[in-house]
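Input: a single structure, listed below in structure tokens.
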């Protein structure tokens with residue numbers, strides 16, 4: 001069994017696994033991408049407002065349907081291995097899973113059908129680039145990147161081994177490809193967040 005690590009005792013030169021991740025102590029959240037640790041800052045009020053409204057809309061629409069929506073924090077093991085030697089564990093802000101077999105007690109094991117990330121100032125370009133490529137490699141069918149600061153939504157839809165990217169701005173009504181019939185009106189989300197501290 002791996003020894004327990006405190007959040008501030010990580011070796012920057014080491015690559016970690018999910019087995020290591022399970023031993024970590026502390027209240028700080030982090031993600032593991034190809035064995036590298038990415039610390040997660042506490043989200044802003046605007047971030048949480050958008051996340052809660054999105055979660056509500058997805059949850060209402062999915063009521064009585066086979067797919068399920070989940071919000072962070074929830075571990076997603078994109079490439080799970082039986083011995084827990086996999087080294088990529090992410091915590092998307094929101095995810096949709098349509099295959100119950102991927103749901104375990106403490107994690108989602110395998111690619112969600114949809115992932116939504118709401119950007120915060122703490123997100124690095126390196127982290128976003130890595131996630132984009134790992135979501136693509138894992139076969140996440142739809143991946144949204146929401147930037148509240150500039151009111152922009154990048155929608156990536158998996159097709160023939162690559163992502164087809166569309167960009168929606170301001171008050172667009174964005175269709176959810178993996179859930180035909182569901183559209184998210186972003187005008188309402190921006191209005192909810194408008195008078196909150198960023």
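Readers should treat all values here as calculations from the given coordinates under stated rules, not as data from a laboratory. Here the structure is a predicted model, which is why all the values come from computation and not from measurement. Please note: Cβ atoms are built from the backbone with ideal geometry, for glycine as well, and neighbour counts cover all protein chains shown.
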Task: Relative contact order computed over the chain (Cα-Cα under 8 Å; 6+ residues apart), in percent - done: 17 percent
Task: Volume of the Cα convex hull of the chain, divided per residue and given in Å³ - done: 126 Å³
TODO: Calculate, in nm to one decimal, what residue 122 and residue 45 gain on full extension: separation in residues at 0.36 nm each, minus their alpha carbon distance.
DONE: 26.3 nm
Open item on the list: Just to be sure I understand the model, the point goes 7 Å from the Cα along the line to the Cβ. What's the resulting residue 98 to residue 187 distance in nm?
Closed with: 2.9 nm
- [ ] Let me know the shape class of region 35-124, please: from the alpha-carbon gyration tensor, a ≥ b ≥ c as square roots of the eigenvalues, rounded when a/c is under 1.5, otherwise prolate if a/b is greater than b/c, or oblate.
- [x] oblate
Task: Within the chain, helix-based [θ] at 222 nm, where runs of 4 or more DSSP H residues each add -39,500 (n - 2.57), nearest 500 - done: -7000 deg cm²/dmol
Task: Highest-MSF residue in the chain out of 49, 166, 107 [GNM, Cα springs under 10 Å] - done: 166
Open item on the list: Among DSSP bridges having both ends in region 43-194, what percentage is antiparallel? Round to the nearest 5.
Closed with: 75 percent
Open item on the list: Pick from 104, 172, 72 the residue whose mean-square fluctuation is largest in a GNM of the chain, springs joining Cα atoms under 10 Å.
Closed with: 104
TODO: Using a Gaussian network model of the chain whose springs link C-alpha atoms within less than 10 Å, name the residue from 184, 37, 116 with the highest mean-square fluctuation.
DONE: 184
Task: For region 34-58 versus region 162-188, the gap between their alpha-carbon centres in whole angstrom - done: 18 Å
